[in-house]
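Participant: Below: one structure in structure tokens.
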Amino acid sequence: MSSLVFFKYLVVMALVTYLIRAVPFAMFNRKIKSRFVRSFLEYVPFAVLSAMTIPDIFFATDMLLSSVVALLVAVALAYKEKSLLTVAVFSCVSVYVTEFIASILK
Amino acid sequence: MLSKFLKGLRDGIPIALGYLSVSFTFGMKAVADGLYWWQALLISMTNLTSAGQFAGLSVMAASGPLVEIALTQLVINMRYALMSLSLTQKVDKSFSRLKRWLCGFGMTDEIFAVASGKLHSVTASYMAGLIVTPFIGWSTGTLLGAVAGNVLPAAVQSALSVAIYGMFIAIFVPPMKKTRAVTVVVAIGALMSCAFRFLPVLNSVSAGFSIIICAVAAAGVGAWLFPIDDGKEAQV
């Protein structure tokens, strides 16, 4: 891609992304009194992360079965409170192993 | 101050390692889509966001208009505005206006999740450390993927694609054990997200908008049914 075109995309992309994050963080300065709003903000990350994971994870790999296995492995390890890294690595490994076994059986 | 910074660096290590695999995939895809390795690296160093970068890449690859890339980023990354707003309630007095402008750059799903999971208030030094290590991981992974990605067999690429979801699961599952509220919020978020994927009409809503709708609805129901106790921080 030519440099000029690329830099236009880059600047627009980076600027929009930065402003979305930084403006609320920098400009909002007081404690929220409303119990509802505080609870809402407390629950936002979990709501976002679950909506981003399900059902997208089922379409991430080459076959549905391997992503189902990855989901089960990840939930089991996370339930045992393993670290982010451990959960991420073992879900990748479980996909690899599942697809490897499937390719042998085929 | 230094010890807080170092603590942040250390807490950022698992995030950075998780990012390695995800950004590796990004670097690989960017080069496959016709970008140079340094272009992929620059995108990662200036954006530091997963879903937004992948979406931006497809707009670039299709030579879409600039306004499309701006709107895509706005919609997909709008959730960061909610997170930033949420974290303003947890930062301590060490956070000057300038430091907030600087740290705002590093508001990713995972960095936010770790910072907001702290029982104590978050200092600027800690937050800075917590951003630096993942930033290095995200950039390094992109570079490696862009330079060496095409040597990976398809089976490995398929395996790497679940890394980011593994990280998300590691963040939202543990608090589900402690409070029913989080379980309900997670279930509503997942169910609604499926509805937006599979049901007619709803599935024509773009991915970014549907995440915002799901998040606002799920967190809203959670806040309505399970308001957190006044006077103490919620233990999630």
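Participant: Could you work out which residue, out of A:L71, A:L19, A:L49, moves most in a Gaussian network model of chain A, that is, has the largest mean-square fluctuation with Cα springs under 10 Å?
Facilitator: With Cα springs under 10 Å in chain A, the top fluctuation among A:L71, A:L19, A:L49 is at A:L19.
Participant: State, to one decimal in nm², a quarter of the convex hull surface area for the C-alpha atoms of chain A, i.e. the direction-averaged projected area.
Facilitator: The orientation-averaged projected area of the Cα hull of chain A comes to 11.5 nm².
Participant: How large is the translational diffusion coefficient of region A:52-105 in µm² per second when you combine the Kirkwood radius over alpha carbon pairs with Stokes-Einstein at 37 °C and 0.692 mPa s?
Facilitator: Working: Rh = 11.2 Å.
Translational D for this selection: 292 µm²/s.
Participant: Give the Debye-formula value of log10 I(q)/I(0) at each listed q (0.16, 0.21 Å⁻¹), with one equal scatterer per alpha carbon of region A:1-60, two decimals each.
Facilitator: Values, matching the q order: -0.84, -0.95.
Participant: Now, a different point. In peptide B:94-104, what is the residue-averaged number of other protein chain Cβ atoms found within 10 Å of each Cβ?
Facilitator: Per residue, the average neighbour count from other chains is 4.
Participant: A further question follows. Express the relative contact order of region B:179-236 as a whole percentage, based on alpha carbon pairs under 8 Å and six or more residues apart in sequence.
Facilitator: After rounding, I find 43 percent.
Participant: With a point put 7 Å past each Cα toward its Cβ, work out how far B:A195 is from A:I32 in nm, to one decimal.
Facilitator: Placing both labels 7 Å beyond Cα along the Cβ direction yields 2.2 nm.
Participant: Name the long-range amide H neighbours of B:S161: under 5 Å, sequence gap of 5 or more, or other chain; modelled H, no Pro or chain starts.
Facilitator: Under 5 Å from the amide H of B:S161: no residue qualifies.
Participant: Distance from a point 7 Å along Cα→Cβ of A:E81 to each backbone N in region B:172-189: keep the residues under 17 Å and list them by number.
Facilitator: B:172-180, B:182-183
Participant: For a bin width of 10 Å, list the pair-distance distribution of region B:102-236 built from all Cα-Cα distances, rounded to whole %.
Facilitator: Histogramming region B:102-236 at 10 Å steps yields 10, 28, 34, 23, 5, 0 percent.
Participant: So for the pair B:N203, B:W224, with labels modelled 7 Å out along Cα→Cβ, what separation do we get in nm?
Facilitator: 2.8
Participant: Same structure, new question: Where the accessible area of region B:179-236 is counted over protein heavy atoms with a 1.4 Å probe, how much of it, in %, is carbon and sulfur?
Facilitator: For region B:179-236, the apolar C and S fraction of the accessible surface comes to 71 percent.
Participant: Separation between the A:S2 and A:L105 pseudo-spin-labels, each 7 Å from Cα along Cα→Cβ, expressed in nm?
Facilitator: Label at A:S2, label at A:L105, 5.3 nm between them.
Participant: Any idea what the relative contact order of chain A is, in percent, if you count C-alpha pairs under 8 Å spaced at least 6 apart?
Facilitator: 18
Participant: Rounded to the nearest whole Å², what accessible area per residue is found for region B:104-214 with the 1.4 Å probe? Please list the in-between numbers first.
Facilitator: Working: 4270 Å² over 111 residues.
Normalised by residue count, the accessible surface of region B:104-214 is 38 Å².
Participant: Per 5 Å bin, what percent of the C-alpha pairs of chain B does each bin hold, from zero upward?
Facilitator: Over chain B, the share of Cα pairs per 5 Å bin runs 1, 6, 12, 16, 18, 18, 15, 9, 4, 1, 0, 0 percent.
Participant: For q = 0.12, 0.14, 0.15, 0.17 Å⁻¹, what log10 I(q)/I(0) does region B:152-223 give under the Debye formula with an equal point scatterer on each alpha carbon and no solvent?
Facilitator: The calculated log intensity ratios at q = 0.12, 0.14, 0.15, 0.17 Å⁻¹ are -0.43, -0.57, -0.64, -0.76.
Participant: Treating the Cα atoms of the protein assembly as shown as identical point scatterers in vacuum, please give the log10 of the normalised Debye intensity I(q)/I(0) at q = 0.06, 0.15 Å⁻¹, two decimals.
Facilitator: Results for the protein assembly as shown at q = 0.06, 0.15 Å⁻¹ read -0.20, -1.36.
Participant: Which residues' amide hydrogens lie under 5 Å from the amide hydrogen of B:T108, considering only partners 5 or more residues apart or on another chain, with H built in the peptide plane?
Facilitator: Long-range HN contacts for B:T108: none found.
Participant: Residues with beta-carbon under 15 Å from that of A:A51, excluding A:A51: net charge, scoring Lys, Arg +1 and Asp, Glu -1?
Facilitator: The answer is 0.
Participant: Something else: Calculate, for chain A, the solvent-accessible area per residue in square angstrom, rolling a 1.4 angstrom probe over the heavy atoms of the protein chains.
Facilitator: Per residue, chain A has an accessible area of 50 Å².
Participant: Which far-off residues, 5 or more places away or on another chain, put their amide H under 5 Å from the one on B:V91, with H placed in the peptide plane?
Facilitator: B:V122
Participant: Quick one: net charge around B:Q157, please, counting Lys, Arg +1 and Asp, Glu -1 for every other residue with C-beta under 15 Å from its C-beta.
Facilitator: -2
Participant: Specify the inter-centroid distance of region B:64-111 and region B:141-219, based on alpha-carbon positions, in whole Å.
Facilitator: Centre-to-centre (Cα) distance: 19 Å.
Participant: Checking the table A:K31/A:K80; B:K90/B:K178; B:K118/B:K177; A:K80/B:K90; A:K80/B:K4 against a 24 Å threshold on Cα-Cα, which pairs fail?
Facilitator: Pairs exceeding the cut-off: A:K31/A:K80; A:K80/B:K90; A:K80/B:K4.
Participant: Given a 1.4 Å probe and every protein chain left where it sits, what share in percent of the accessible area of chain A is carbon and sulfur?
Facilitator: The value for chain A is 73 percent carbon and sulfur by accessible area.
The values are calculated or read from the model by the stated rules, or taken from the named source; none is laboratory data. All values reported here derive from a predicted model rather than from experimental measurement. Using ideal geometry, Cβ is built from the backbone for each residue, glycine included, and neighbour counts are taken over all protein chains shown. Keep in mind that these areas ignore ligands, DNA and RNA; they rest on the heavy atoms of the full protein, side chains included. Shrake-Rupley method; radii C 1.70, N 1.55, O 1.52, S 1.80 Å.
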